[in-house]
Amino acid sequence: MELNIVLAQPQIPQNTGNIARTCAVTGARLHIIRPMGFEPTDKQLKRAGLDYWSYLDITYYDSFEDFFAQNDGEYFYFSTKAQKLYSDVRYPDKSYLFFGREDAGLPEELLFQNKERCVRIPMRSTLRSLNLSNSVAIGVYEALRQWDFPELQNFGRLTQFDWSNAE
């Protein structure tokens, strides 16, 4: 199964670093559409992604047009403006989950042209939005949950105790 995360013009390096780490630990591919509010060499970006960068499949694009010309699959647009809940959608193999700028979201024209593919994460109406990296994590883990977490370890081990000896 292939899951793709698309960041459209991210502005905050720490968010992108956290998202890169989420992609690395889940096997999701990361796609970034420029312009960005920082450089790929930014210290805060690298620090937020820790030492996971070598485990990441990342591609940069110069524009939305560049992205769409190079990729094909089912696109889902996460937005506070969407009508449908993210959990009401079935995410097929080769899904692309789109997330917009921290300060503006995805372009409204793109949302309007793709109404049936727009999804939202429920939140209180008096607040603007969740943090971008939290939103991506919610979307990633919903798709992976639907796929029964393929290729991911779904158990843990204690370092000082043995679970099999617990009552």
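Read-outs: derived from the displayed coordinates by stated rules, not from any lab. Because the structure is predicted, anything quoted here is derived from the model rather than measured. Reconstructed Cβ throughout: ideal geometry from the backbone, glycine too, with neighbour counts over all protein chains shown.
Here are a few things to note about the model shown:
- Computed lengthening from Lys115 to Asp162, 0.36 nm per intervening residue step minus Cα-Cα distance: 11.9 nm
- P(r) of the stretch 58-103 over all Cα-Cα pairs, binned every 10 Å from zero, in whole percent: 21, 51, 28, 0
- If R0 equals 35 Å, the separation of the Cβ atoms of Leu152 and Thr126 corresponds to a calculated FRET efficiency of about 0.45.
- Extension gain, Met1 to Glu39, is 10.6 nm, computed as 0.36 nm per intervening residue step minus the present C-alpha separation.
- Reachable aspartates and glutamates from Lys84, criterion Cα separation under 19 angstrom, eight or more residues apart if same chain: Glu74, Glu108, Glu109, Glu116, Glu142
- Length gained when the stretch Asp51-Arg90 is fully extended (0.36 nm per residue, less Cα-Cα span): 10.8 nm
- Shape annotation for the chain: C-alpha extents along the principal axes are 58, 38, 36 Å, from largest to smallest.
- When the helices of the chain are scored as -39500 (n - 2.57) per DSSP H run of n ≥ 4 and the total is divided over every residue, the value at 222 nm lands at -8500 deg cm²/dmol.
- Peptide packing for 70-77, 17-24 was compared via the average number of neighbouring C-beta atoms within 10 Å per residue; ordered from the highest value, the list is 17-24, 70-77.
- The stretch 96-166: GluC sites (Glu not before Pro) in DSSP loop, at most 15 other beta carbons within 10 Å: Glu151
- Distance (nanometres) between label positions extended 7 Å along Cα→Cβ at Tyr60 and Ile138: 3.0
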